[in-house]
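Notes follow the structure.
The values are calculated or read from the model by the stated rules, or taken from the named source; none is laboratory data. These numbers were taken from a predicted model, which means no experiment stands behind them. Here the Cβ positions follow ideal geometry from the backbone for every residue, glycine too, while neighbour counts run over all protein chains shown. Remember, those area values only see protein heavy atoms, side chains included, never the ligands or the DNA or RNA. Shrake-Rupley method; radii C 1.70, N 1.55, O 1.52, S 1.80 Å.
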Amino acid sequence: MFRSKLFTAFFALSFIWPLVCAILIYLHYNVDALAAWRLNVRNLLPIDATFFEAWVIAPQAYLGFFLAVLVGPQQVSRDLTNNALPLYLCRPLTRGEYVVAKCRSSSFWFPR
């Protein structure tokens with residue numbers, strides 16, 4: 001999947017939002033940075049459970065789901081075209097073990 005420049009760009013851009021949220025949290029609790037930028041704490045977002053739910057977790061969940069939708073079919077399609085999936089599933093192999101095996105066969109997660 002990382003041969004596609006569009007996918008690689010989307011993957012890299014998906015890390016920007018958590019970085020922005022981390023900067024907001026840092027600014028909210030760092031008095032020296034607030035004084036240097038002349039910001040008021042009330043002008044920033046309140047850092048509470050709603051912040052983490054609506055601004056951190058929800059956008060990352062959508063991005064992660066979109067990435068899984070893009071990557072998942074390509075990982076399984078090779079096994080379907082080579083008729084290997086029925087061979088894997090005829091043995092006592094759980095879905096989790098199949099996913100771990102697919103991750104291990106990928107050169108991105110575990111370089112050879």
**Request:** Would you check which residues across the range 27-40 are surrounded by fewer than 12 Cβ atoms within 10 Å (Cβ to Cβ) and either in contact with a Leu (Cβ under 9 Å, 6 or more places away or on another chain) or touching a residue at least 60 places away in the same chain (Cβ under 8 Å) (or both) and list them?
**Result:** TRP37, ASN40
**Request:** Of all residues in the range 93-105, count the ones that are open to solvent by less than 70 Å² (accessible area, probe 1.4 Å) and farther than 30 Å from VAL20 by Cα.
**Result:** 6
**Qualifying residue in the range 69-92 (condition: in contact (Cβ under 8 Å) with a residue 40 or more places away in the chain and surrounded by 10 or more Cβ atoms within 10 Å (Cβ to Cβ))** = yes
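Residues to consider are ARG38, ARG78; find the one that is farther than 29 Å from VAL100 by Cα and of a type in the set (Lys, Arg).
Result of the check over ARG38, ARG78: ARG38.
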**Request:** Could you list, in sequence order, all residues of the range 50-68 that are open to solvent by 70 Å² or more (accessible area, probe 1.4 Å) and not acidic (Asp, Glu)?
**Result:** THR50, PHE52, TRP55, ILE57, TYR62, PHE65, PHE66
**Asked** Give me the pairs: first residue in the range 1-26 and over 27 Å from GLN75 (Cα atoms), second residue outside any helix (DSSP H, G or I) and open to solvent by 50 Å² or more (accessible area, probe 1.4 Å), beta-carbon distance under 8 Å, and six or more apart or on different chains, which are they?
**Response** LEU24/LEU45
**Prompt:** In this structure, does ALA61 turn out to be under 19 Å from VAL71 (Cβ atoms) and within 20 Å of the chain's Cα centre (by Cα)?
**Reply:** yes
